[in-house]
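A.B. asks: What follows is a structure written as structure tokens; I'll ask about it next.
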Amino acid sequence: MRRLAASALLVCCAAAFAADAPAKPKPSPAEALKLLKEGNARFLAGQSAHPRSDLERVKLAGQADQADYAYATVIACSDSRVPVERLFDAGVMDLFVIRVAGNVVDTDEAGSIEYGLAHVKTPVLVVLGHTQCGAVNAVTQAALGHGHALERNIPPLVDNIAPAVARARLRFPALKDAELVAKGIEENVWQSIEDLFVRSAAVRKLAKDGTVKIVGAVYDVGSAEIRWLDEAHTAKLLEEAEQNPKRAVEPMAEPAPKPEAAAKP
């Protein structure tokens, strides 16, 4: 009994020590991207390690600041075939994830990304598209004259995708159906990055400073493989956004007005 009690005490002490252990320094942008690529390689090979996924990590999450641990922000589609933490073989407090149909970047998504990069201090942002994307397919079919009625809130959700589909049709006029959708999916990743740069002066600054690396990628829902897109094109989009007259200039929001003093009776 004494041995069992001593063992239990050691386990409790070890758990308490783990919960109180200081976070490791954040990886560099290049190192964080390497972690993501290695995680996907494990998932692809069927050798996921499921790191930092036990109850002790959950307990730590209840006590710690996520900004001390998360190493990447990911904006991905809401599609159930894109399990973000799993496909990167990541654990609790590893990824700051934003999910929205079509991985579009409007105001809410841009604000969430700003929070992930500027406050959670993740050194990498991944804009993750995926094969067989229903949102891109719907916009493509509508552009080809084969659209159908949509619920009232869906068109303003996916209207960001329309320029990407238009570019895909212009660049690849001979393509139809699934092949055209595939090109539209990649163009939509670039569109989301462009929209982010135009909307967020804060993100542009982090990218220009080298504090954050921003990368595009497309996940294959049938193979689990991620195709990483050309980082040089991201740099080109950043340069173009800096010259765009519609770009956001101020990185910070206007301070909220002070409430007026209550009138004296």
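A.B. asks: Which label marks the calculated value of semi-axes √(5λ) of the Cα gyration tensor in Å, given the options [x] 40, 20, 17; [y] 37, 27, 18; [z] 95, 23, 17?
C.D. replies: It is the value labelled [y].
A.B. asks: Taking only complete DSSP H runs, can you tell me which helices of the chain stretch 24 Å or more along their own long axis by Cα positions and average at least 0.5 on the Kyte-Doolittle scale? Display every interim value, and only then the final one.
C.D. replies: Values: long enough: 2-20 (27 Å, 1.29); 177-199 (31 Å, -0.13).
Answer set is 2-20.
A.B. asks: Would you kindly state how much longer the chain becomes between residue 58 and residue 178 on full extension, computed as 0.36 nm times their sequence separation minus their alpha carbon distance, in nm to one decimal?
C.D. replies: Working: separation 120, 0.36 × 120 = 43.20 nm, distance 4.15 nm.
That pair, residue 58 and residue 178, stretches by 39.0 nm at full extension.
A.B. asks: So for the pair residue 85, residue 67, with labels modelled 7 Å out along Cα→Cβ, what separation do we get in nm?
C.D. replies: 2.2
A.B. asks: List the residues, sorted by chain then number, that are 5 or more residues from residue 74 or on another chain and whose placed amide H is less than 5 Å from its amide H.
C.D. replies: 96, 97, 98, 126
A.B. asks: State, as an integer percentage, the relative contact order of the stretch 25-243 based on alpha-carbon contacts under 8 Å between residues 6 or more apart. Walk me through the numbers on the way to the answer.
C.D. replies: Working: 357 pairs, mean separation 49.3, N = 219.
The normalised contact order for the stretch 25-243 reaches 23 percent.
A.B. asks: Evaluate E = 1/(1 + (r/R0)^6) for residue 242 and residue 106, where r is the Cβ-Cβ distance and R0 equals 25 Å; express this FRET efficiency to the nearest 0.05. Display every interim value, and only then the final one.
C.D. replies: Values: r = 21 Å, r/R0 = 0.83.
With R0 = 25 Å, the Cβ-Cβ based efficiency is 0.75.
A.B. asks: Turning to a different aspect of this structure: What FRET efficiency comes out for residue 78 versus residue 31 if R0 is 22 angstrom and r is the Cβ-Cβ distance? Round to the nearest 0.05.
C.D. replies: 0.15
A.B. asks: Highest mean first, what order results for 32-45, 140-153 on Cβ atoms within 10 Å? List each step's numbers first, then the result.
C.D. replies: Working: 32-45: 17.4, 140-153: 11.9.
Put in order of decreasing packing, that is 32-45, 140-153.
A.B. asks: Return the lysines within reach of residue 59: Cα separation strictly under 25 angstrom, same-chain partners fewer than 8 residues apart disregarded; answer none if there are no such residues.
C.D. replies: Leaving aside lysines fewer than 8 places away in the same chain, those within reach of residue 59 are 24, 26, 121.
A.B. asks: Right, something else. If you rank 78, 112 by fewest surrounding Cβ atoms within 10 Å, what's the result? Present the calculation step by step, with values, prior to reporting the outcome.
C.D. replies: Details: 78 13, 112 18.
Starting with the residue having the fewest Cβ neighbours, the order is 78, 112.
The numbers here are math on the coordinates, done by the rules we state, and not lab data. Worth saying up front: this structure is predicted, and the values here are computed from it rather than measured. No Cβ is skipped: glycine too gets one built from the backbone with ideal geometry, and neighbour counts run over all protein chains shown.
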